[in-house]
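The structure appears right after this line, and notes come after that.
The values are calculated or read from the model by the stated rules, or taken from the named source; none is laboratory data. Because the structure is a prediction, the values reported are computed rather than measured. Cβ sites come from the backbone with ideal geometry, for glycine too, and all protein chains shown count toward neighbours. Ligands, DNA and RNA are stripped out before the accessible areas are found, and what is left, the full protein with its side chains, is counted by its heavy atoms. Shrake-Rupley method; radii C 1.70, N 1.55, O 1.52, S 1.80 Å.
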Amino acid sequence: MTAPATPSFGAVFAEQLRVVGLKLRPELLAAALALGFVTVLFLRAGRFIAAEPETDGLIVLAAFFFSFAVWRGERLFGDGRFWMLPVDRVRHALIRVAAGWAWLMGVGAVTVLWLVMLALVTGGMLAGEETGVLIAASGPQRPLPEGLPTLPPLIQPWQWLAPFGGATALYLLGSAFALGLRHPLRWTVGLFMGLVAFMALVPANVVTDLIQAGAGGPLSLETALTGTRGGHDNETGMVAATFDALLEGSTDLGRWALATLAWVAMGSVALAAAAWRHRER
Amino acid sequence: MDSPLDGTTFAVTTRALAKRFGRQTALDALDLQVPKGAVYVLAGANGAGKSTLLRVLLNLVRPDAGGVEVLGLDPCRSGAQVRARIGYVPEGPESGCGWMPVGRFLAHHAVYFPTWDPDYAARLSRALEIRPERRLSHLSKGQARRVQLVTALAHRPPLLLLDEPTDGLDPVARDEVLGLLSEHLADTGCTVVVSTHLVHEVERIADHLGVLRAGRLVAQTSRDRLAAMLRTYRAEGPDGWVGPPDLSGVLQRRGHGREIQWTVWGDEREVVERIVRSGGTVRDVARLPLDEAVLTLLRSKDLP
């Protein structure tokens, strides 16, 4: 029996998992050191909060630039070794992206588990206190009474998945940049500078409106990342009869799923277009 | 100057192949024919289009016009299948793999080429004194070349594309590599296309020659036919003698007093007859070594 001329999908995927893992050792080591630092810090200071809204930005940045690390050093617009291998070029690129994604999810899962354990060990909380206030028996239009109690963290079990969906979307977008552009870092910096310039030039109220529409909208990145309704406005706006009702009102599985789907779809389309640039013909 | 190769089966053919990079023509109406089992030396100056041609065969570069067939497949349609059947030594260093130790790099290739022979790879590595624990980025040019040769040979492909394979090798290593290559050819009977501008280094294994100049294939022939047809003729004649007026296939002409020397592509008997008929006396007829033949073909303005 003659051996097949080209390698199987499974063999290539397994090899790319190994290669990406080995290649990302410096980044993984840096992440482990950062986690170790946080651990030491909070073991000494106490009361660690596992899921803070501020971590959203970190997830976005980490997932986006993780894709750059996956493709680091590859000569994608030339005769790089990656393209010399006997696999259809588009398929090969997508397999590498998938291998990187598997590592991203693995690293994310370990990080989340570690942070949860850290919160439990330090007597901290799984989520911040700012997610809502309970105004028992208050009417919807009445003024807020003084001395409202702060709620315990409002976090649904499925919300632990939310950062993974958001990270997936950002990773796909980052991969599209890394794969489809000759100078992805320059493009990223350029787009950021352009955004900053735009915000500096247009009136402040327009900027505020745009940010609110982007951050608090049903398909916003924040919704995809956190599973909340977005905008962190629950403290002042939410009025509910019970804690459960408030919990139900501040988070929305359907909305999160829709937002995540939209962002992942956008990332996938961008990635497909980027990979298509490298097609066989 | 194409040799008649009717009836020959070809491992590689191109038809009117063209490729431009901006305003620069890399390949121009190129009709390449590499017979199966041949060691085809693709000679030419730097920038003549040799590397571009090899990249087109691997579908790493898309041609602008013309057709390509490699081992019966169109690389543009079956790029992966074509690359699986080719052992390729690129001109430059590896990109994206510099962080890999050599052993890991070889293991990486073993996954991608199902026909990879680990025993043969180990034997080649030993023969070329490759140290598997060293990182690719830490290797010298010559050491990296040896690793590339192992990746090209160890899956025993039916076609080898070697882009300047002796570049960076010291004379001992070069000899070692050519010896291994000869053994490999004897074992596998594969077809080899060697691109080089240092023809004398691969002269001992070459049996076909193609000469590229500014993207055009100006000559393509078998080594035997080249030896039979391309000769230098030294002749003397009376004062004022300029040689035969109807001598065709002249690539080069030099005069020293009453002595004239021609490098001619043509049948020896016919050339000698014409010189004699014109009043000259042929003193010497000589074959050209391969590298001199290439040089003559490259310098010649008007090729027959």
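Residues of segment A:14-32 being closer than 23 Å to B:Ile86 by Cβ and either touching a residue at least 60 places away in the same chain (Cβ under 8 Å) or open to solvent by 60 Å² or more (accessible area, probe 1.4 Å) (or both), which ones? Step through it out loud before you land on a result.
Start the filter on segment A:14-32 by keeping residues that are closer than 23 Å to B:Ile86 by Cβ, which leaves A:15-16, A:19.
Answer for segment A:14-32, where residues must be closer than 23 Å to B:Ile86 by Cβ and either touching a residue at least 60 places away in the same chain (Cβ under 8 Å) or open to solvent by 60 Å² or more (accessible area, probe 1.4 Å) (or both): A:Gln16, A:Val19.
Do we find that B:Tyr120 is hydroxyl-bearing (Ser, Thr, Tyr), facing another protein chain (nearest Cβ under 8 Å) and over 20 Å from the mean Cα position of the chain (by Cα) in this structure? First the steps, then the outcome.
Numbers: hydroxyl-bearing (Ser, Thr, Tyr): yes; facing another protein chain (nearest Cβ under 8 Å): no; over 20 Å from the mean Cα position of the chain (by Cα): yes.
When the stated conditions are applied, B:Tyr120 does not pass them.
Sort out which residues of segment A:266-281 are aliphatic (A, V, I, L, M) and open to solvent by less than 50 Å² (accessible area, probe 1.4 Å), and write them in order of number. Walk me through how you get there before you give the answer.
Within segment A:266-281, the first condition is being aliphatic (A, V, I, L, M), and the residues that meet it are A:266, A:269-275.
Answer for segment A:266-281, where residues must be aliphatic (A, V, I, L, M) and open to solvent by less than 50 Å² (accessible area, probe 1.4 Å): A:Ala270, A:Leu271, A:Ala274, A:Ala275.
Counting only residues that are out of contact with any Asp or Glu (no Cβ under 7 Å at 6 or more places or on another chain) and charged (D, E, K, R), give me the helices (runs of 4 or more DSSP H) lying completely in segment B:140-237 with at least 3 of them. Show your work before the answer.
Values: elements: B:141-153, B:171-188, B:199-202, B:223-229.
Where helices (runs of 4 or more DSSP H) fall fully within segment B:140-237 and carry at least 3 residues being out of contact with any Asp or Glu (no Cβ under 7 Å at 6 or more places or on another chain) and charged (D, E, K, R), they are B:171-188.
Please go through segment B:123-146 and give me each residue that is open to solvent by 30 Å² or more (accessible area, probe 1.4 Å) and under 25 Å from the mean Cα position of the chain (by Cα), ordered by number.
Of everything in segment B:123-146, those that are open to solvent by 30 Å² or more (accessible area, probe 1.4 Å) and under 25 Å from the mean Cα position of the chain (by Cα) turn out to be B:Ala127, B:Ser140, B:Lys141, B:Gln143, B:Arg146.
With the requirement that a residue be within 7 Å of another protein chain (Cβ to nearest Cβ) and closer than 23 Å to B:Ser51 by Cα, what does segment B:82-111 give you?
Result: B:Arg83, B:Ala84, B:Arg85, B:Tyr88, B:Pro90, B:Glu94, B:Ser95, B:Gly96, B:Cys97, B:Gly98.
Can you run down the residue pairs with Cβ atoms below 6 Å, 6 or more apart or on separate chains, where the first is in segment B:15-35 and open to solvent by less than 50 Å² (accessible area, probe 1.4 Å) and the partner is hydroxyl-bearing (Ser, Thr, Tyr) and part of a loop (DSSP other than H, G, I, E, B)?
Within 6 Å, the pairs are B:Pro35/B:Thr8.
Within segment B:116-132, which residues are part of a loop (DSSP other than H, G, I, E, B) and modelled with pLDDT of 95 or more? It would help to see each step written out before you state the result.
If we filter segment B:116-132 for residues that are part of a loop (DSSP other than H, G, I, E, B), which is where we start, we get B:116-117, B:128-132.
Scanning segment B:116-132 gives B:Trp116, B:Asp117.
Taking the condition of being open to solvent by 20 Å² or more (accessible area, probe 1.4 Å), farther than 16 Å from B:Leu162 by Cβ and outside any helix (DSSP H, G or I), how many residues in segment B:74-88 meet it? Step through it out loud before you land on a result.
Taking segment B:74-88 as the starting set, the residues that turn out to be open to solvent by 20 Å² or more (accessible area, probe 1.4 Å) are B:74, B:77-78, B:81, B:85.
Now restrict to residues that are farther than 16 Å from B:Leu162 by Cβ: B:74, B:77-78, B:81.
Retained after the next criterion (residues that are outside any helix (DSSP H, G or I)): B:74, B:77-78.
Qualifying residue count, segment B:74-88: 3.
For segment B:44-92, give me each residue that is basic (Lys, Arg) and in contact with a helix residue (DSSP H, G or I) (Cβ under 9 Å, 6 or more places away or on another chain). Lay out the reasoning, then the answer.
In the first step, residues of segment B:44-92 are kept if they are basic (Lys, Arg); the result is B:50, B:55, B:62, B:77, B:83, B:85.
If the condition is that a residue be basic (Lys, Arg) and in contact with a helix residue (DSSP H, G or I) (Cβ under 9 Å, 6 or more places away or on another chain), then B:Arg62, B:Arg83 are the ones that fit.
Looking at B:Glu129, B:Glu69, B:Glu91 in this structure, which one is under 16 Å from B:Ser195 (Cα atoms), touching a Lys or Arg at 6+ places or on another chain (Cβ under 9 Å) and among the acidic types (Asp, Glu)?
Details: B:Glu129 fails: under 16 Å from B:Ser195 (Cα atoms); B:Glu69 fails: under 16 Å from B:Ser195 (Cα atoms).
Going through B:Glu129, B:Glu69, B:Glu91 in turn, the sole match is B:Glu91.
Residues in segment B:129-174 that are among the polar types (S, T, N, Q), in contact with a Gly (Cβ under 8 Å, 6 or more places away or on another chain) and closer than 30 Å to B:Leu73 by Cα: how many?
Here is the first cut: in segment B:129-174, the ones among the polar types (S, T, N, Q) are B:137, B:140, B:143, B:148, B:151, B:166.
When the remaining residues are screened for being in contact with a Gly (Cβ under 8 Å, 6 or more places away or on another chain), the result is B:137, B:140, B:151.
Now narrow it down to the ones that are closer than 30 Å to B:Leu73 by Cα: B:151.
Selection size over segment B:129-174: 1.
Within segment A:68-88, track down each residue that is in a helix (DSSP H, G or I) and either open to solvent by 30 Å² or more (accessible area, probe 1.4 Å) or facing chain B (nearest Cβ under 7 Å) (or both). Break it down into steps so the answer makes sense when it comes.
Step one: of segment A:68-88, the residues in a helix (DSSP H, G or I) are A:68-70, A:81-84.
Matches in segment A:68-88: A:Phe68, A:Arg81, A:Phe82, A:Trp83, A:Met84.
So which of A:Ala162, A:Ala200, A:Ala176 is over 15 Å from A:Leu61 (Cβ atoms), open to solvent by 40 Å² or more (accessible area, probe 1.4 Å) and assigned to a helix (DSSP H, G or I)?
Numbers: A:Ala162 fails: open to solvent by 40 Å² or more (accessible area, probe 1.4 Å); A:Ala176 fails: open to solvent by 40 Å² or more (accessible area, probe 1.4 Å).
Just a single option satisfies the conditions, and that option is A:Ala200.
Does B:Arg55 fit the bill of being crowded, with 16+ Cβ neighbours inside 10 Å and at the interface with chain A (Cβ under 8 Å from one of its Cβ atoms)? Spell out the reasoning first.
Details: crowded, with 16+ Cβ neighbours inside 10 Å: yes; at the interface with chain A (Cβ under 8 Å from one of its Cβ atoms): yes.
In short, yes.
Which of (1) within 26 Å of B:Val34 (Cβ to Cβ); (2) more than 14 Å from every other protein chain (Cβ to nearest Cβ); (3) surrounded by fewer than 21 Cβ atoms within 10 Å (Cβ to Cβ) does B:Pro158 not meet, given it meets every other one?
B:Pro158 satisfies every listed condition except (2).
Every residue in segment B:265-291 that is free of Cβ contacts under 8 Å to residues at least 60 places away in the same chain, out of contact with any Asp or Glu (no Cβ under 7 Å at 6 or more places or on another chain) and assigned to a strand (DSSP E or B), please. Step through it out loud before you land on a result.
Pass one, segment B:265-291, residues free of Cβ contacts under 8 Å to residues at least 60 places away in the same chain: B:266-286, B:288.
With the extra rule that they be out of contact with any Asp or Glu (no Cβ under 7 Å at 6 or more places or on another chain), the set shrinks to B:266-273, B:275-279, B:282, B:284, B:286, B:288.
Scanning segment B:265-291 gives B:Val282, B:Asp284, B:Ala286.
Being in a loop (DSSP other than H, G, I, E, B) and closer than 14 Å to A:Arg81 by Cβ is the filter; apply it to segment B:94-115 and report the residue that is nearest to the chain's Cα centre (by Cα). Talk me through it step by step, then tell me what you get.
Step one: of segment B:94-115, the residues in a loop (DSSP other than H, G, I, E, B) are B:94-100, B:113-115.
Subset that is closer than 14 Å to A:Arg81 by Cβ: B:94-100, B:113.
On the way: B:Glu94: 22, B:Ser95: 24, B:Gly96: 28, B:Cys97: 28, B:Gly98: 28, B:Trp99: 32, B:Met100: 31, B:Phe113: 25 Å.
Top of the filtered list is B:Glu94.
In segment B:193-205, what residues are closer than 18 Å to B:Ala11 by Cβ and open to solvent by less than 10 Å² (accessible area, probe 1.4 Å)?
Let us first name the residues in segment B:193-205 that are closer than 18 Å to B:Ala11 by Cβ, namely B:193-195, B:202, B:205.
Answer for segment B:193-205, where residues must be closer than 18 Å to B:Ala11 by Cβ and open to solvent by less than 10 Å² (accessible area, probe 1.4 Å): B:Val193, B:Val194, B:Ser195, B:Val202.
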